1. Based on the mean of other beta carbon atoms within 10 Å per residue, what is the order of 57-63, 11-17, most packed first?
2. Using mean Cβ contacts within 10 Å as the protection proxy, how do 181-190, 22-31 order, highest first?
3. Once ligands and nucleic acids are excluded and a 1.4 Å probe is used, how much of Leu70 is accessible, expressed in Å² to the nearest 10?
4. What list of ³J(HN,Hα) couplings, whole Hz, do you get for region 55-65 from phi and the Karplus terms 6.51, -1.76, 1.60, once you set θ to phi - 60° and write x for glycine and proline?
5. For Leu53, Leu81, give the ranking by accessible area with the largest first, probe 1.4 Å.
6. Using a 1.4 Å probe, how large is the accessible area of Phe5, given in Å² and rounded to the nearest 10?
7. For each pair in Lys28/Lys133; Lys59/Lys194; Lys28/Lys116; Lys8/Lys59; Lys59/Lys116, compute the distance between the two Cα atoms and list the pairs where it is over 26 Å.
8. Per residue of region 113-120, what does 6.51 cos²θ - 1.76 cosθ + 1.60 with θ = phi - 60° give for ³J(HN,Hα)? Whole Hz please, x for Gly and Pro, Karplus curve as stated.
Amino acid sequence: MALWFLLKAAASLLAVCFMLRAYLQFAKLHPMNPLSQVVFRITDWLSIPMRRLFPPNAKTDWGSLFAAVLVALALATIRFLMVSLDPELVTSGPVVRPFGLVLIIALVWLVGWWLKFLIVLVIAEAILSWFSKNTTAAALRPVLRLLLRPLIEPIARRMPDRQPWGLDFSPIIAFLILQVLVSFQASLEASVLKALLAAA
């Protein structure tokens, strides 16, 4: 099982990198930004071929999104094969069966990984807000704000102009919404896995 957890952790990080690459284009972060360059180095090996098959448009990097789906599909397929080769694994954790439904759990995993990544961004932005503007850490805040803008701005527009103590509560509300979505995703994952087990 330790091997499975390592595989899932590695696959989730890789899939998030592919989704982040697509999100960077959506958020219009400059390609020469250091974060963009790091993500490009990690994902070029698969994103570039996939972008040839699924050309991006102005806002959506379809190739990177499909690459993330492929990673999740590969992980779900590995899980299926592990169980098929060793039936004793059925009692030790969630199982992906039958094989034709691996896409469902792969997509559910992708949603969960991305929601958790957004939560990390919200927490990081909140922590960096405590640093002085002249510090290196605070220099990362503009990038985080740009990445979180599609999430925070719709909430901020619905907040009253005068908020208690002059604080911006929109990140807190975004964090709570993400937590609710993560809980819903976890319940959905459990239900899907239960249904797949029943169909096995």
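The values are calculated or read from the model by the stated rules, or taken from the named source; none is laboratory data. These numbers come from a predicted model, not from an experiment. Glycine also receives a Cβ, built like all others from the backbone with ideal geometry; neighbour counts cover every protein chain displayed. To get the accessible areas, we keep the full protein, side chains included, count just its heavy atoms, and leave off ligands, DNA and RNA. Shrake-Rupley method; radii C 1.70, N 1.55, O 1.52, S 1.80 Å.
1. Values: 57-63: 14.4, 11-17: 20.1.
Sorting 57-63, 11-17 by mean packing, highest first, produces 11-17, 57-63.
2. Working: 181-190: 14.3, 22-31: 16.1.
The packing order, highest mean first, is 22-31, 181-190.
3. The value for Leu70 is about 80 Å².
4. Values, residue by residue: x, x, 10, 4, 10, 10, 8, 5, x, 5, 5 Hz.
5. Numbers: Leu53 125, Leu81 90 Å².
Most to least solvent-accessible, the answer reads Leu53, Leu81.
6. So the heavy atoms of Phe5 present about 130 Å² to solvent.
7. Values: Lys28/Lys133 23 Å; Lys59/Lys194 36 Å; Lys28/Lys116 22 Å; Lys8/Lys59 29 Å; Lys59/Lys116 23 Å.
Pairs exceeding 26 Å: Lys59/Lys194; Lys8/Lys59.
8. Each residue's phi maps through the Karplus curve to give 4, 5, 4, 5, 5, 4, 4, 4 Hz.
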